[in-house]
Amino acid sequence: MKIDLTETNSSKINAAMVQARRDIGTPAVGMVLTLVIVTDEENAYDALKSANDASHEHPSRIVVVIKRASRSPRSRRDARLDAEVRVGADAGSGETVVLRLHGELVDHAQSVVLPLLLPDAPVVVWWPDGAPTDLAGDPLGALGQRRITDTYSCEDPVGTLGSRAGAYAPGDTDLSWTRITPWRSMLAAALDQQALTVVSATVEGEGDNPSCELLAMWLADRLQVPVRRTLSAGPGLTAVRLATKDGDIVLNRADGGLATLCMPGQPDRNVALKRRDTAELLAEELRRLDPDNTYEASLKYGVSQLAAASPKPEADAPAEGAPAEKPAAKPAAKPAKKATAK
């Protein structure tokens, strides 16, 4: 069921949601959190589709905030709120409110969203694109226990990682970090199987891919070894090599779906390491609402080296087929230690 409300307010929206639930025969509210999506018209459809898919695992009240650009000085002065309420089959396993803010109301979105939050339920704020630098300092971001961004959608992903590190607050996270969860799990499991001392590491992937940078910083932070970034044609993250005195541990994913794990003294094995869609990434982040300390440590580790890790200009690119190297992000001199899966 869909209900369109023009020139409305939060009270009328709440009343419309209650009436809509009664009309479809589900007056009880069984949702576990409120997901606030801050986006624009261009990205609203894809973001809402991903959120609806994720809501099958996490029944949620989804509040989509779309700030409409005003074309004239007069329209910028006129504050207006239009809304669309969706319940039942049109809203996944929860309910959805799409808010379109006009005029001066654009600068006061939090006053519209606050009355629509589920009482005594966690709030997660997600910016699919165009997130502010200081997430916790943003008026909408301040409403959430968790704040989700996607650095991959930024114009300068590597530079944005540095900005995110400087403004980090507990509860911030990034879908570029979520993308490497299977890689981190696989590498940690490989090191658990064999008591090998890692002396250096290499992360290979596309240029300007923040997931590659985050994985490199995670390895450098956890293993306290030099980590080198090299470029490949992708897709995404393609290989990780951990050098040990007994041979290299290599996790190679050339096609974006199936990876090969090579370990010293063991036969090569194929492992599933597919590229996941946004709905799967969002569902993973909604499973935990506490601060991610590992993400914080990895994000802050190589901030001073991010400029040196930027992709080389096109003129300096290597010939096709030859991987280009990016300057290594090296930690402060510390003795190498046994790698453990933490």
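The values are calculated or read from the model by the stated rules, or taken from the named source; none is laboratory data. Please read these numbers as outputs of a predicted model, since none were measured by experiment. Counting neighbours? That spans all protein chains shown, and the Cβs are built from the backbone with ideal geometry, glycine included. Protein only, heavy atoms only, side chains kept; ligands, DNA and RNA dropped before computing areas. Shrake-Rupley method; radii C 1.70, N 1.55, O 1.52, S 1.80 Å.
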Identify, by number, the condition in (1) within 15 Å of Val64 (Cα to Cα); (2) touching a Cys at 6+ places or on another chain (Cβ under 6 Å); (3) not basic (Lys, Arg) that Trp127 doesn't meet.
(2)
Reported set for region 207-245 where residues are open to solvent by 30 Å² or more (accessible area, probe 1.4 Å), closer than 25 Å to Arg276 by Cα and touching a helix residue (DSSP H, G or I) at 6+ places or on another chain (Cβ under 7 Å) is Asp208
Members of region 243-262 found to be farther than 16 Å from Glu204 by Cα and touching a residue at least 24 places away in the same chain (Cβ under 8 Å), listed by number
Thr244, Lys245, Asp246
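Specify the residue that is nearest to the chain's Cα centre (by Cα); the eligible residues are those in region 114-170 that are of a type in the set (D, E, K, R) and part of a loop (DSSP other than H, G, I, E, B). Spell out how you get there, then give the answer.
Taking region 114-170 first, the residues of a type in the set (D, E, K, R) are 120, 129, 134, 138, 146-147, 150, 155-156, 164.
Of the ones still in play, those that are also part of a loop (DSSP other than H, G, I, E, B) are 120, 129, 134, 138, 150, 155-156.
Numbers: Asp120: 25, Asp129: 10, Asp134: 15, Asp138: 17, Asp150: 4, Glu155: 15, Asp156: 15 Å.
Filtering region 114-170 for residues that are of a type in the set (D, E, K, R) and part of a loop (DSSP other than H, G, I, E, B), the one nearest to the chain's Cα centre (by Cα) comes out as Asp150.
Would you pick out the residues in region 103-124 that are within 20 Å of Gln145 (Cα to Cα) and buried (at least 16 other Cβ atoms within 10 Å of the Cβ)?
Let us first name the residues in region 103-124 that are within 20 Å of Gln145 (Cα to Cα), namely 108-124.
Within region 103-124, Ala109, Val112, Val113, Leu116, Leu117, Leu118, Pro122, Val123, Val124 meet the criteria.
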With the checklist (1) of a type in the set (Ser, Thr, Tyr); (2) crowded, with 17+ Cβ neighbours inside 10 Å; (3) in contact with a Ser or Thr (Cβ under 6 Å, 6 or more places away or on another chain) in hand, flag the one item Thr133 doesn't pass.
(2)
One residue is enough: does region 80-102 have a residue meeting the conditions open to solvent by 30 Å² or more (accessible area, probe 1.4 Å), of a type in the set (Gly, Ala, Ser), under 27 Å from Ala69 (Cα atoms) and in a helix (DSSP H, G or I)?
no
Restricting to region 20-52, and then to whatever is open to solvent by less than 70 Å² (accessible area, probe 1.4 Å) and charged (D, E, K, R), can you tell me which residue is farthest from Ala279 (Cα to Cα)?
Arg21
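Determine, yes or no, whether Ala328 is modelled with pLDDT under 65, open to solvent by 30 Å² or more (accessible area, probe 1.4 Å) and in a strand (DSSP E or B).
Values: modelled with pLDDT under 65: yes; open to solvent by 30 Å² or more (accessible area, probe 1.4 Å): yes; in a strand (DSSP E or B): yes.
So Ala328 fits the description; yes.
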If Ala195 meets every condition in (1) under 25 Å from Asp277 (Cα atoms); (2) over 19 Å from the mean Cα position of the chain (by Cα) apart from one, which number is that one?
(1)
Consider Leu140 against the criteria (1) modelled with pLDDT of 95 or more; (2) open to solvent by 10 Å² or more (accessible area, probe 1.4 Å): it satisfies all of them except one. Which criterion is unmet?
(2)
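Among the residues of region 181-216, write down those that are part of a loop (DSSP other than H, G, I, E, B), of a type in the set (Ser, Thr, Tyr) and in contact with a Leu (Cβ under 9 Å, 6 or more places away or on another chain). So that I can check it myself, show each step before the final result.
Filtering region 181-216 for residues part of a loop (DSSP other than H, G, I, E, B) gives 194-197, 206-209.
Remaining after also requiring of a type in the set (Ser, Thr, Tyr): 197.
Result: no residue meets the conditions.
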